[in-house]
1. Any idea which residue in the stretch 75-134 is surrounded by the most Cβ atoms within 10 Å (Cβ to Cβ), counting only those that are among the β-branched types (V, I, T) and within 18 Å of the chain's Cα centre (by Cα)?
2. Pairs please, first residue from the stretch 84-108 and at positive phi and modelled with pLDDT of 80 or more, second anywhere and part of a helix (DSSP H, G or I) and not polar (S, T, N, Q), Cβ atoms under 9 Å, 6+ apart in sequence or on different chains.
3. Could you tell me whether A65 is more than 24 Å from I231 (Cβ to Cβ) and either at pLDDT 90 or above or surrounded by 14 or more Cβ atoms within 10 Å (Cβ to Cβ) (or both)?
4. Assess whether S261 counts as being in contact with a helix residue (DSSP H, G or I) (Cβ under 6 Å, 6 or more places away or on another chain), within 23 Å of A42 (Cα to Cα) and small (G, A, S).
5. For the stretch 44-57: of the residues being more than 26 Å from P262 (Cβ to Cβ) and in contact (Cβ under 8 Å) with a residue 60 or more places away in the chain, which is surrounded by the fewest Cβ atoms within 10 Å (Cβ to Cβ)?
6. When you look at S260, is it in contact (Cβ under 8 Å) with a residue 60 or more places away in the chain, within 22 Å of V158 (Cβ to Cβ) and crowded, with 16+ Cβ neighbours inside 10 Å, yes or no?
7. Sort out which residues of the stretch 242-262 are among the small types (G, A, S), farther than 21 Å from G29 by Cα and not in a helix (DSSP H, G or I), and write them in order of number.
Amino acid sequence: MDSYLIVTADDFGLHESVNEAVEQASRAGTLNAASLMVTAPAAKDAVRRARTLPNLRVGLHVVLADGVSTLDAQLIPEIADAQGRMHSDMFRRGVRFFFKPAARRQLEAEIRAQFAAFAQTGLPLDHVNVHKHFHVHPTILSTLLKVGRDYGVPAMRVPDEPLWFAAHSAGIGPGISQALLSPWIALMKHRLRRARVFHNDKIFGIARSGAIDEASLLAILASLPPGVSEIYLHPATQSGAAIAASMSGYRHAQELEALSSPRVRAALDAVAFRGGYTEVRAAFTPAPSA
């Protein structure tokens, strides 16, 4: 089976320098898609740029942690503080989503509001994913699938990173973490197939989030597995805390440099098929059943 590839920039709309990097990489032909944070400070600028980029597919980057809510904070006290901030304590929040009916109702309302905000942009919806891969949580995935039916979600990211890349990139810890997630990832793929939502087979970028350089991209492209893979990055023209306080260790500009590399462009052009989820979904031919 051939390799199909989607190269995506996350956090589109977080900062104008992120948007500028997305535009540069799209025009350079190395970036296929971007995931939009609809409530982020530069979301309007991102949408304006996206309308001028015919080869850029845009999806919804649902934010349920480390971000600002779409709804008024008074409507969702179980998931946001008084200022509308949704904090990064994902374990405690995940427990709340699982056990508290009020939290689940507010979760659905916030997710629905983010889908509605994306629909108002008028951009075709290429895919959906969740900030920090929080949709591995079965309650969040259930809610995404429920709301997504109303908005015609065509594709969703699965955070299934090959163990060899996770361990090589960041040591044995991330490799073990990825292995522990394997049962949840398998369940996620099963549920997406049942819902007839297209998804990637593998992803690259989790273990080196915010630190992908030219060598990393070339290594991925040299070992690209058959089937559908997604590489996601966080490019920007500035780096670290200039983008967001929680990203002080991110090397955004390095990731833009990697996407701008002629060697990377040549390696990308050698992939059998590349595009956004929209194009890959239309072209993908699954392996025949045994």
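The values are calculated or read from the model by the stated rules, or taken from the named source; none is laboratory data. It should be emphasised that the depicted structure is a prediction, and the values quoted were computed from it without experimental measurement. Cβ coordinates were reconstructed from backbone atoms using ideal geometry, including for glycine residues, and neighbour counts include every protein chain displayed.
1. To start, the set of residues in the stretch 75-134 that are among the β-branched types (V, I, T) comprises 76, 79, 95, 111, 121, 128, 130.
After this cut, where a residue has to be within 18 Å of the chain's Cα centre (by Cα) as well, the list is 111, 128, 130.
Numbers: I111: 24, V128: 27, V130: 23.
Of everything passing the filter in the stretch 75-134, V128 is surrounded by the most Cβ atoms within 10 Å (Cβ to Cβ).
2. G84/A73
3. Numbers: more than 24 Å from I231 (Cβ to Cβ): no; either at pLDDT 90 or above or surrounded by 14 or more Cβ atoms within 10 Å (Cβ to Cβ) (or both): yes.
Answer is no for this residue.
4. no
5. Pass one, the stretch 44-57, residues more than 26 Å from P262 (Cβ to Cβ): 44-48, 51.
Restricting the remaining residues to those that are in contact (Cβ under 8 Å) with a residue 60 or more places away in the chain gives 47, 51.
On the way: V47: 20, R51: 13.
Result: R51.
6. On the way: in contact (Cβ under 8 Å) with a residue 60 or more places away in the chain: yes; within 22 Å of V158 (Cβ to Cβ): no; crowded, with 16+ Cβ neighbours inside 10 Å: yes.
The answer is no for S260.
7. In the first step, residues of the stretch 242-262 are kept if they are among the small types (G, A, S); the result is 242, 244-246, 248-249, 253, 258, 260-261.
Imposing the further condition that a residue be farther than 21 Å from G29 by Cα reduces the set to 242, 244-246, 248-249.
Of everything in the stretch 242-262, those that are among the small types (G, A, S), farther than 21 Å from G29 by Cα and not in a helix (DSSP H, G or I) turn out to be A244, S248, G249.
Table: residues versus (1) of a type outside the set (D, E); (2) in contact with a strand residue (DSSP E or B) (Cβ under 9 Å, 6 or more places away or on another chain); (3) modelled with pLDDT under 90.
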| residue | (1), (2), (3) |
| --- | --- |
| G210 | yes, yes, yes |
| A219 | yes, no, no |
| P226 | yes, yes, no |
| E255 | no, yes, no |
| A258 | yes, yes, no |
| G275 | yes, yes, no |
| P288 | yes, no, yes |
